[in-house]
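Undergrad: Structure provided below as structure tokens; questions to follow.
The values are calculated or read from the model by the stated rules, or taken from the named source; none is laboratory data. Quick caveat: nothing in here was measured; it's all calculated off a predicted structure. When we count neighbours, we look across all protein chains shown, and the Cβ atoms used for this are built from the backbone with ideal geometry, even at glycine.
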Amino acid sequence: MTATASADLISMPELLARNVLKFGAKAAYREKEFGIWQSWTWSEAAEQVEALALGLLTLGAAKGDHVAIAGRNRPYLYWTMLAAQSIGAVPVPIYQDSVGEELAYVLDHCNARFLVVGDQEQVDKVLDIKDNLKSLQQIIYLDARGMRKYDHSKLSQFHKLQDAGRAAKSELIDELADRQAKLTYDDTCVMLYTSGTTGRPKGVVLSNRNVIETSKSSAQFDGLVSDEEVVAYLPMAWVGDYIFSVGQALWTGFCVNCPESPETMMTDLREIGPTYYFAPPRVFENQLTDVMIRMEDAGRFKKWMFHKSMALAKKVGPELLNGHPVSTMDRVKYWLGDKFIYGPLKNTLGLSRVRIGYTAGEAIGPELFDFYRSLGINLKQLYGQTEATVYITMQPDGEVLADTVGVPAPGVEVRVGDNGEIYYRSPGVFVEYFNNPESTASTKDKDGWVATGDAGFFEENNGHLRIIDRAKDVGKIKDGRMFAPKYVENKLKFFPNILEAVVFGNDREFCTAFINIDLNAVGNWAERNNIAYGGYQELSQHSAVLEMIKSHVEETNLSVAEDPMLSGCQVHRFLVLHKELDADDGELTRTRKVRRRIVEEKFSDLIEGLYDGSERVATTTEVTYEDGRKGSISATLEMRDAATVATQRIAAE
Amino acid sequence: MFDQPESFETVDGRTIGGVMMEMKNITLRFGGVVAIQDISFDIREGEIRAIIGPNGAGKSSMLNVISGFYNPQEGEVWYKGELRPSMKPFEVARQGIARTFQNIALFEGMSVLDNVMTGRLNHMKAGILSQALWYGNAQREETENREVVERVIDFLEIQDIRKTPVSRLPYGLKKRVELARALAADPKLLLLDEPMAGMNVEEKEDMSRFILDVNDEFGTTIALIEHDMSVVMDISDRVVVMDYGKKIGDGTPKDVRSNKAVIDAYLGVAHD
């Protein structure tokens, strides 16, 4: 990737054309279908993109039109993005599990003229709301199943549209070439809706400059090459997937592999063996939980071997990865461990070939993080936002710590404001929020500095950034001590039995918490301890489970008490929720972050119960099923006290 | 070719063809017990035909007559315009009739894929030697059949359990695997014996969806037995109602629902 080459590469279609010339016969996309990995070379992919672009032209797609995309990760949908870009239209990927109302908001907000979807499920959602969508002209679907009887006046099948495009090639090819030639570096590349922990989603407009500059510098930072293999399985609407599976893939020319279905993801991961891998902490956590559950069922010898080797790995693995000195004896033992335990385990996890692994989105538990690093997997953290085209800070190889997020990414300037809020400025800074100048102005100042909304500081000894919490969530307890809920929640969530935690305490006498148990881990624990239960709700209120959670909360309190600034955040009372917090109910965002305000409103009766000293509170909660229907569940929840550690009070003053 | 060639349209716009199978005055006895008594009805091409009735009404016996497992003492079975002589089940299978069972009959120790592959047995012609050596015809055949099977697996969304032994699967999935095996045979007529028995609401909804999709996508004629009235009424085009071995109703779900004999049989009536 020379600097001169980049001078001409100012749009995604141009990168595609370059890859055809440079890597023509190399695999660009793979997807497992009918049990076999199907693959497309860069040349074949370019032909597919061209056919679809021409097809869109036959439908009258104009420059600047929005083409919405909703479906699981499939090569066809990635091509749709490229096809839209090559006719000067703007792709708008949407979270495929959005309920009708959310989908309607986005489609209406961006005035989408075309919508490309995976299957009947998505089509049905849109047909329910299509009367409110004035601008929507055509829905294009991939999988025809179940839609034979549908009215096809506004529906077309993906491949048929491509065929129509191919048939019209002689008439429209000049138009297509003309549109491509007119693309500039500052044209919109893609529009991504932020999931929004508060309020309505906002459409973040990213230019070709944002995407290409960011892809280029981040690929250089990690030395990505065209031989990398990635598995695309995270939502296409998420900026990370756009950068990894489109931006960096086009820039470096590596291959994007799409799993057969979300359920086969782990098998497919193992078959592909990615070299460059991204996963949110949740995925790593599930994998670790699976391993631990299976080890519990293993024979005594295997268990002994596993624990012995893991103890060694914990000591030696991270040191080796960070390039610190390690004794020869330990090196030999680690080598043996790698032959017998770590190697096969990495293989089972599908991570044998991972050269660079990233996790982001949420804080990752130090134990979890160290587990993967001790196996010799180069797992790192990065900190980013949609508005930054992902990258704000990232961890360089050899300088990886569990509790910080690294140093500013190449080309990014970061500063911490007087109130502790983090600001950044970079070539990746977004153009604007679509049709929302007020929000744009309040987020990005005239010099291009963007407020992240996160509070944090640079560690003095190593210059790494450490994030504490969302700036607006940081508050004070009545006695004046600092309240940072996320800090405590993360500590709680590091216990495998706890899936989610929400801590309250701003302007209150003390802190309390809602806990969500992890059904997998707790269910397995129940099975091993002969605890019978009839379902999630019953298990969550079982006295043995409450006792176990109580011990976790108390352990967390001990650890929180060690930090004099945050010792006021110890949890005095807690309850275990009778339902999992769910994005369909609006309690989480689509990227699974807690919407604090909504949880507070929805469960206000329970919060009151935690503060007025009640032992039990009966409650009824409305739930939304996946198909949009509503129902309700009632339960009586027990409130428990947890022991706290008395500390010397240091007022925040 | 058919004695009732006229076709008709259903409410949702599908076309139901002529008569595919006709049961004429069927009577089936086991010793002194009369399981089916003088029942006649037909199954038309492309329709979803349900047979319902309380416990012991003779529904499964009826399905076994259709599948050729039982040969009735009296009456005639006409299939595609021809009188069907008494047959062995495998001969019936070769005529394009496949079925699932009330009490799942899968090979528990085999993987889902292998189980579904057995559905293709009637489509394999290679000799035992070439199959054992995986040579020539056998190799080509297996590839072709695997492709059909993979399409079925994709259709029924069971890719993630492709390699899982059946014994490790929960009940609802086993039912789906059985449907997959029956579908792999590429049947003209598919017989489903209580496809939703023992399922929870969500599994029932999934199964209903699959049955409708199979009918829609492959044009397969489906005859099914089911206990759950609401499911039957939702998905079937026509319903036969049986009670104590007799037919007490026949028609569209709407007709049947308002049929007095049917209401009595289901809700119970005072016997004097």
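Undergrad: I'm trying to understand the selection: among the residues of the range B:108-150, which are in contact (Cβ under 8 Å) with a residue 60 or more places away in the chain and within 14 Å of chain A (Cβ to nearest Cβ)?
TA: Scanning the range B:108-150 gives B:112, B:116, B:117.
Undergrad: Now for a different question. List the number of the failed condition for residue B:264; all other conditions in (1) without any contact (Cβ under 8 Å) to a residue 60 or more places away in the chain; (2) charged (D, E, K, R); (3) in the same structural domain as residue B:116 (by TED's automatic domain parsing) hold.
TA: Of the numbered conditions (1) without any contact (Cβ under 8 Å) to a residue 60 or more places away in the chain; (2) charged (D, E, K, R); (3) in the same structural domain as residue B:116 (by TED's automatic domain parsing), the odd one out for residue B:264 is (3).
Undergrad: I'd like to verify a number: residues in the range A:484-541 that are of a type in the set (D, E, K, R), free of Cβ contacts under 8 Å to residues at least 12 places away in the same chain and more than 21 Å from residue A:288 (Cβ to Cβ), how many?
TA: Of the residues in that region, 1 qualify.
Undergrad: Quick one: residue A:116 ticks every box in (1) within 23 Å of residue A:628 (Cα to Cα); (2) more than 14 Å from chain B (Cβ to nearest Cβ); (3) in a helix (DSSP H, G or I) except a single one, so which number is it?
TA: (3)
Undergrad: A follow-up question, please. Could you check, for the range A:212-233, whether at least one of its residues is in contact (Cβ under 8 Å) with a residue 12 or more places away in the chain, out of contact with any helix residue (DSSP H, G or I) (no Cβ under 8 Å at 6 or more places or on another chain) and within 14 Å of chain B (Cβ to nearest Cβ)?
TA: no
Undergrad: A further question on this structure: Please enumerate the residues belonging to the range B:239-272 that are modelled with pLDDT of 85 or more and within 19 Å of residue B:61 (Cα to Cα).
TA: B:239, B:240, B:241, B:242, B:243, B:244, B:245, B:246, B:247, B:248, B:249, B:250
Undergrad: Name the helices (runs of 4 or more DSSP H) wholly inside the range A:488-591 in which the number of residues that are modelled with pLDDT of 90 or more and not assigned by TED's automatic domain parsing to the domain that holds residue A:627 is 2 or more.
TA: Those helices (runs of 4 or more DSSP H) do not exist here; none qualify.
Undergrad: A follow-up question, please. When the range A:180-199 is examined, which residues are found to be under 28 Å from the mean Cα position of the chain (by Cα) and under 17 Å from residue A:15 (Cβ atoms)?
TA: Selection gives A:185, A:186, A:187, A:188, A:189, A:190.
Undergrad: Of the conditions (1) touching a Lys or Arg at 6+ places or on another chain (Cβ under 6 Å); (2) in contact (Cβ under 8 Å) with a residue 60 or more places away in the chain, residue B:75 satisfies every one except a single condition; which number is it?
TA: For residue B:75, the exception is condition (2).
Undergrad: Which condition does residue A:451 not pass, out of (1) over 26 Å from residue A:369 (Cα atoms); (2) in contact (Cβ under 8 Å) with a residue 40 or more places away in the chain; (3) part of a strand (DSSP E or B), if it passes all the others?
TA: Result: residue A:451 fails condition (2) only.
Undergrad: So which residues in the range A:266-312 are within 14 Å of another protein chain (Cβ to nearest Cβ) and touching a strand residue (DSSP E or B) at 6+ places or on another chain (Cβ under 8 Å), if there are any at all?
TA: Listed by number, the residues that qualify are A:268, A:269, A:271.
Undergrad: For the range A:376-432, how many residues are in a loop (DSSP other than H, G, I, E, B) and among the hydrophobic types (A, V, I, L, M, F, W, C)? Walk me through it before giving the result.
TA: First, the residues of the range A:376-432 that are in a loop (DSSP other than H, G, I, E, B): A:376-378, A:389, A:395-406, A:409-412, A:417-420, A:426-431.
Retained after the next criterion (residues that are among the hydrophobic types (A, V, I, L, M, F, W, C)): A:377, A:400-402, A:405, A:409, A:412, A:429-431.
Selection size over the range A:376-432: 10.
Undergrad: Residue under question is residue A:608, and the condition is that it be without any contact (Cβ under 8 Å) to a residue 12 or more places away in the chain and surrounded by 13 or more Cβ atoms within 10 Å (Cβ to Cβ); does it hold?
TA: For residue A:608, the condition - without any contact (Cβ under 8 Å) to a residue 12 or more places away in the chain and surrounded by 13 or more Cβ atoms within 10 Å (Cβ to Cβ) - is not met.
Undergrad: Follow-up question, since we're still on this one. Kindly list the number of the only condition in (1) hydrophobic (A, V, I, L, M, F, W, C); (2) surrounded by 20 or more Cβ atoms within 10 Å (Cβ to Cβ); (3) under 14 Å from residue A:13 (Cβ atoms) that fails for residue A:177.
TA: (2)
Undergrad: Would a scan of the range B:192-213 turn up a residue that is buried (at least 17 other Cβ atoms within 10 Å of the Cβ), of a type in the set (Val, Ile, Thr), under 25 Å from residue B:18 (Cβ atoms) and in contact (Cβ under 8 Å) with a residue 40 or more places away in the chain?
TA: Yes, the range B:192-213 contains at least one residue that is buried (at least 17 other Cβ atoms within 10 Å of the Cβ), of a type in the set (Val, Ile, Thr), under 25 Å from residue B:18 (Cβ atoms) and in contact (Cβ under 8 Å) with a residue 40 or more places away in the chain.
Undergrad: Among (1) within 30 Å of residue B:261 (Cα to Cα); (2) outside the structural domain of residue B:232 (by TED's automatic domain parsing); (3) surrounded by 18 or more Cβ atoms within 10 Å (Cβ to Cβ), which single condition is residue B:119 missing?
TA: (1)
Undergrad: Check residue A:126 against each of (1) part of a loop (DSSP other than H, G, I, E, B); (2) of a type outside the set (Lys, Arg); (3) more than 14 Å from every other protein chain (Cβ to nearest Cβ) and name the one condition it does not meet.
TA: So residue A:126 meets the others, but not (1).
Undergrad: Checking residue B:244 against (1) surrounded by fewer than 22 Cβ atoms within 10 Å (Cβ to Cβ); (2) hydroxyl-bearing (Ser, Thr, Tyr); (3) in contact with an Asp or Glu (Cβ under 9 Å, 6 or more places away or on another chain), only one condition comes out false. Which one?
TA: Condition not satisfied by residue B:244: (3).
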